[in-house]
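Asker: Dropping a structure here in structure tokens format, bear with me for questions.
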Amino acid sequence: MNDPQTIVFTGATTGLGKVAALKALSEGHHLLILSRNSEKSSELINDFKKEYPAKEANAVFIDCDLTSFKSIKTAIEEIKTKVSQIDMLVNNAGMWNTDFNETEDGFEETFQVNLLAPVYLLEGLMPLLKSSDKAKYIVTSSGLHQGSINFEDIEYRANWSGFNAYRQSKLGVILMCRLFAKSHPEITFCAQHPGVVRTNLGHKFGWLSRAIFYLIGKSAKKGARTLIHLIESPKSELVSGEYYAKSKVTPITKESNDMQMAVKLKKVIDDNLGKLTY
């Protein structure tokens, strides 16, 4: 893309998200980066200056903790004071817990960060996205999205499984991507799978799991290729509602195409977000 665009970006300070953010900054795009870690934010700019010494980084960092809806709401309000439209929302942030953790809002952490927060952020910024004729929404999913949604125990409180919580959340973002693509045709929605990447996503795993993850995983630079492709491609070259892997539309499970499941999940999400008091 030749024309600078305004991009709101989560998960931009580490791993493949950082690679994609640095590339977007090098192309002259204006990034509003949501992050709760000021040190990592500073590292991003320092790395940009080292890699692109002749270029200026057009980036604004906005404090945002996805484990707190109060923090997300404040971030949305701050974005609205800074820009009148956004061309792209990239939801790359995600987590995979081994232990059950509950957020200050009372939700299981994986459920909130990986599924509830992206929907809350998207809907909060929807008016700004609709103001752009280039509007795109990109969310990072995973090849581990297999299976179905556990509506009976969606937070796995009765039978905790960090793997299932993660797997389900990544199926959920695909379903939401498809659902929003139908209800908001003026915006292009894409889910992407980076492959197995050597990032800090699994830093809480045991040493053996981390070692295997490192051995089979690709570098963050290689893992970022599909995300960069989606960021750089014009809307006319993308298929809204689809799942991309290796920079192309990729067939996935029947559950990922189940629109009845998507509608049911959206109601669960809405009901949970409706419990918030702010």
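Asker: Is it true that residue 154 is over 24 Å from residue 36 (Cβ atoms), over 19 Å from the mean Cα position of the chain (by Cα), surrounded by fewer than 24 Cβ atoms within 10 Å (Cβ to Cβ) and among the β-branched types (Val, Ile, Thr)?
Answerer: Here the answer is yes, as residue 154 does meet what is asked.
Asker: Another question about this same structure. Can you tell me which residue is nearest to residue 15 (Cα to Cα) among those in region 227-246 that are of a type in the set (S, T, N, Q) and modelled with pLDDT of 95 or more?
Answerer: My answer is 233.
Asker: Only one of (1) among the hydroxyl-bearing types (Ser, Thr, Tyr); (2) surrounded by fewer than 21 Cβ atoms within 10 Å (Cβ to Cβ); (3) within 20 Å of residue 69 (Cβ to Cβ) is not met by residue 161, so which one is it?
Answerer: Only one criterion is unmet by residue 161, namely (3).
Asker: From the list 100, 48, 69, pick out the single residue that is more than 18 Å from the chain's Cα centre (by Cα), of a type outside the set (Val, Ile, Thr) and surrounded by 19 or more Cβ atoms within 10 Å (Cβ to Cβ).
Answerer: Residue meeting the stated conditions: 48.
Asker: Criterion first (small (Gly, Ala, Ser), assigned to a helix (DSSP H, G or I) and either farther than 24 Å from residue 120 by Cβ or modelled with pLDDT under 95 (or both)) does residue 169 satisfy it?
Answerer: When the stated conditions are applied, residue 169 does not pass them.
Asker: Can I ask one more? Going residue by residue through region 46-57, is there one that turns out to be out of contact with any Cys (no Cβ under 8 Å at 6 or more places or on another chain) and part of a strand (DSSP E or B)?
Answerer: Scanning region 46-57, I find no residue that is out of contact with any Cys (no Cβ under 8 Å at 6 or more places or on another chain) and part of a strand (DSSP E or B), so the answer is no.
Asker: Does region 76-95 include one or more residues that are under 25 Å from residue 151 (Cβ atoms), part of a helix (DSSP H, G or I) and modelled with pLDDT of 95 or more?
Answerer: For region 76-95, residues under 25 Å from residue 151 (Cβ atoms), part of a helix (DSSP H, G or I) and modelled with pLDDT of 95 or more: absent.
Asker: Can you pull out the residues in region 139-151 that are modelled with pLDDT of 95 or more and crowded, with 22+ Cβ neighbours inside 10 Å?
Answerer: Scanning region 139-151 gives 139, 140.
Asker: What number of residues in region 126-138 are surrounded by fewer than 21 Cβ atoms within 10 Å (Cβ to Cβ), part of a helix (DSSP H, G or I) and either in contact (Cβ under 8 Å) with a residue 24 or more places away in the chain or of a type in the set (A, V, I, L, M, F, W, C) (or both)?
Answerer: Final tally of qualifying residues: 3.
Asker: Can I ask one more? So in region 51-66, with the set limited to residues that are out of contact with any helix residue (DSSP H, G or I) (no Cβ under 6 Å at 6 or more places or on another chain) and of a type in the set (Asp, Glu), which one is surrounded by the most Cβ atoms within 10 Å (Cβ to Cβ)?
Answerer: Only one residue fits best here, namely 63.
The values are calculated or read from the model by the stated rules, or taken from the named source; none is laboratory data. In this text the structure is predicted, and so the values were computed from the model without any measurement. Please note: Cβ atoms are built from the backbone with ideal geometry, for glycine as well, and neighbour counts cover all protein chains shown.
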